[in-house]
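The values are calculated or read from the model by the stated rules, or taken from the named source; none is laboratory data. Everything numeric in this text was worked out from a predicted model, so none of it was measured. As a convention, Cβ positions derive from the backbone with ideal geometry for all residues, glycine included, and neighbour counts pool all protein chains shown. Accessible surface areas use protein heavy atoms only, side chains included; no ligands, DNA or RNA. Shrake-Rupley method; radii C 1.70, N 1.55, O 1.52, S 1.80 Å.
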Amino acid sequence: MRLELGNIYVKDVQFGAKTEFKDGIVYVNKEELIKELQDERLSKIDVDIVRPGDSVRICPVKDVLEPRVKVSGNGQVFPGFFGNAEVVGSGRTHVLKGMTVLTVGKIVGFQEGIIDMTGPGADYTPFSKTINLVILADKVEGLKQHEHEAAVRMAGLKATRYIAEVARNVEPDEIKVYETKPLAQQLNEYPELPKVAYVYMLQSQGLMHDTYLYGVDAKQILPTFIYPTEVMDGAIISGNCVSSCDKNTTFHHMNNPIIYDLYERHGKDYNFVGVICTNENVTLLDKERSSNFTAKLVEFLGVDGVIISEEGFGNPDADLIMNCRKISALGVKTVCVTDEYAGRDGASQSLADSHPSADAVVSGGNANEVITLPKLDRVIGYIDAVNVIAGGFDGSLAEDGSITVEIQAITGATNELGYNKMGALGF
């Protein structure tokens, strides 16, 4: 599978009479976009633009997406939600780099997040450095939370596809090529290098803890093997409402730094053979089943090492350790990427499970670290959510407009795919 990513660097995003890309600027017809997003489940849709350095706080954040459009090759971006779930990851896809589509909605309240575009909070989220097209979507009276989540999720996907169309006929600033060959060929391509696979754990712990693979809720899958380039074309979509810093937004999936870093070192340090997608379940039987199948796939592949990342904390720690323990028992080296809560003083046990085989670990940092965010000039969304948001508490919002929260309340703060306040981690 060979995919060309044509990166088009966005200088600015502005509202205009026509939705188009011109001289490095994405122009958006606001009225046309809102019309595109109309949904009987939503009572109000509004669209705004924020830029790095703006004195703006966005809350409560649902998802973040990056505009991408397939120019050639099979299928289309976000397969399974659009089209016939044709396998993606080949041909060429154009990407609007430097901007996002960001959805806001008070869905669960305590499981959405905060993005500050300036100040100390901006240091903890990658989305303070992007130009964000913000979509605020309120529900109609009586709509259940999971229906609100579905409506906001679809609004984000539709808006992203709408914006991405402006990139279809634009000459990219750069073209990067990513290729993984069919397994038999890939395993033999670099015989002198260690063969490495990536075990990609997807959040699937019940209602509104959903991640979608080709439109299928991950809790309904058995572990499966995919090409890494499929992820770049939006084969994995965030649909969950777990704590803000614990969830991989759709943007994180499309820009998964573990996948990109493994490609960067492919043919040099490693032979990157592909991705095993697995889930994170609630019952012990389901955890055992999925970890058994994950280990079986690793054994089938005959790799020398794997990187395992988890999504979420607490309960998923058991899935992480099960995967690590069973894969290590096969004689395969493992590296675990964790999501840790060590208490505000950093002295508590940070993972709910452990095993001696987990002897190579990359930590996402301590999500219980406390930060005070000063008042900003403008809020998009509903600031009262910070008093109940995960990482906040009754009284988090002070009378002067400042906020005291744990960094888990900040979208992308301690992301277990390797994003944190220091940027992407290498492996």
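Which of 318, 291, 331 sits farthest toward the positive end of the charge dipole of region 287-427, with +1 on the Cβ of Lys and Arg and -1 on the Cβ of Asp and Glu?
Projecting each Cα onto the dipole axis, the largest value belongs to 331.
Write out the chymotrypsin sites (Phe, Trp or Tyr not before Pro) in region 294-359 meeting two conditions: DSSP loop, and at most 13 other Cβ atoms within 10 Å of their Cβ.
none
Once the dipole of region 18-125 is set up with Lys and Arg at +1 and Asp and Glu at -1 on Cβ about the Cα centre, which of 29, 89, 114 lies farthest towards its positive end?
89
If you put +1 on each Lys and Arg Cβ and -1 on each Asp and Glu Cβ, how big is the dipole of region 2-409 around its Cα centre, in Debye rounded to 20?
Once rounded to the nearest 20, the dipole reads 840 debye.
Kindly flag which residue pairs out of 70/139; 22/44; 62/219; 181/268; 35/106; 62/158 have an alpha-carbon separation exceeding 25 Å in this structure.
70/139; 22/44
Roughly what % of DSSP beta bridges within the chain run antiparallel, to the nearest 5?
In the chain, DSSP labels about 50 percent of beta bridges as antiparallel.
In whole percent, what relative contact order does region 24-142 give with Cα contacts below 8 Å and a gap of six or more residues?
Relative contact order comes out at 36 percent.
Keeping every protein chain in place, order 112, 171 by accessible area at 1.4 Å, biggest value first, i.e. largest first.
171, 112
May I ask you to list the GluC sites (Glu not before Pro) in region 315-405 that are in a DSSP loop and have at most 16 other Cβ atoms within 10 Å of their Cβ?
399
Tell me the carbon and sulfur percent of the accessible area for the chain, rounded to whole percent, probe radius 1.4 Å.
50
Given contacts defined as C-alpha pairs under 8 Å and at least six residues apart, what's the relative contact order of region 2-409, whole-number percent?
18
Could you grab the relative contact order for region 150-274? Cα pairs under 8 Å, six or more apart, rounded to a whole percent.
It rounds to 31 percent for region 150-274.
Using a 1.4 Å probe, what is the accessible area per residue for the chain, in Å²?
37
Tell me which trypsin sites (Lys or Arg not before Pro) from region 308-349 have a DSSP coil assignment and no more than 14 other beta carbons within 10 Å of their own.
Here the sparse-neighbourhood loop sites are 344.
Per residue, how big is the convex hull of the chain when only Cα atoms are used? Give it in Å³.
Value for the chain: 133 Å³ per residue.
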